[in-house]
Amino acid sequence: MANKNKGYIDINVGGKKRTLHFSMNFWSEFTEQLGISLQDIGDVFQNGISLKGLRALIYSAILANDQENGNEIDYNIYSVGAWLDELEAESINKIVETMLQSKILGNSLNSEIEKPGKPKPSKK
């Protein structure tokens, strides 16, 4: 199930298919994991995401989906970190792309994050 507009993507890690959901529950967990406020979220992605950020992103998205659906939580942040070795760069790119297409409080994350290398449009 890859419904990017709704913020869902499936990956195979930790011995089974897991669904990531980029929902308000995800954003709540993700900002808590990184110890930042929602308004600082753009800074996390500005210069490329750190490994800690990537681990928190994947953990928070899997946890959000599992908690929303009453699934058993058979992992923690460190087991998710170990699973990162299983993921190909292409899978990570698809996960980040899905997250970028999800909404925060009704707003697209893409509007919150400026692409590196693109000049800011000046308002004259």
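Read-outs: derived from the displayed coordinates by stated rules, not from any lab. Everything quoted here is computed from the prediction, not taken from an experiment. Every residue, glycine among them, receives a Cβ derived from its backbone with ideal geometry; neighbour counts consider all protein chains shown.
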(message) Looking at segment 4-108, I'd like the Rg to Rh ratio, where Rg is from alpha-carbon atoms and Rh is Kirkwood's inverse mean 1/r.
(response) 0.92
(message) If packing is taken as the average count of other Cβ atoms within 10 Å, what order do 11-24, 28-41, 70-83 fall into, highest mean first?
(response) 11-24, 28-41, 70-83
(request) At 0.36 nm per residue, minus the direct Cα-Cα distance, what do Lys16 and Glu88 gain on full extension? Give it in nm, one decimal, please. (result) 24.3 nm
